[in-house]
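Structure, as structure tokens:
Only the coordinates and a few stated rules stand behind these numbers; no lab work does. For clarity, every value in this text was computed on a predicted model and none was experimentally measured. Cβ coordinates were reconstructed from backbone atoms using ideal geometry, including for glycine residues, and neighbour counts include every protein chain displayed.
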Amino acid sequence: MKKFIFIFLSLFFFFLFVQTAEAKVLPQSKQGGKVASKSAGGSGINVSPVLRADRKALNVYFSNLQNATSVSYFLTYETSAQQEGAGGSLHLGVASTQSAELLFGTCSKNVCRYHTGIKNAKLEITYTLKSSKKFIKRYRIKV
């Protein structure tokens, strides 16, 4: 468990300090629990983070993936007790669209325990295009 926490914190601080640009989603681009998709120019990928109806998970929809060679995502948030997070990467292949569901909690043997009192939720998408350009998209998630 200590090893997991160390790895998690290492990755968190790595992503926190390596980035040079931050994208802020403006209030007028939000509609309900949905955040408008963004793309980097005409050849980037599109990302649409949407809160699940019960607000216990974040669904992230990716499209235009045929232009990317790698895509990873990392969600961090605070509970009343500690910093939490979830992350992963997409297995790129033939499909140009994919999605990921990131829970605000943990699941084991089909039993899920959801966190409460979530604040400061942030999603970071890092991807590399076939042109070798790297991009980072950051979102603040209002739970």
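Below, the figures for the structure above:
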read-out	value
Ranked packing of 131-140, 107-116, most packed first, by mean Cβ within 10 Å	131-140, 107-116
Ranked packing of 77-83, 58-64, 100-106, most packed first, by mean Cβ within 10 Å	58-64, 100-106, 77-83
Spacing of the two label points (7 Å from each Cα toward its C-beta) at Ser48 and Cys107, in nm	2.2 nm
Simple label model, 7 Å out from Cα along Cβ direction - Arg55 to Lys130, nm	4.2 nm
Derived scalar couplings ³J(HN,Hα) [the range 75-87; Karplus, 6.51 cos²θ - 1.76 cosθ + 1.60; whole Hz; x for Gly, Pro]	10, 10, 7, 10, 10, 5, 9, 6, 7, 10, x, 8, x
Stretch gain in nm, segment Gln66-Ser99, where the contour uses 0.36 nm per residue and the Cα spacing is subtracted	10.4 nm
Amide hydrogen neighbours beyond the local backbone of Ala57, cut-off 5 Å, H modeled	Arg52, Phe104
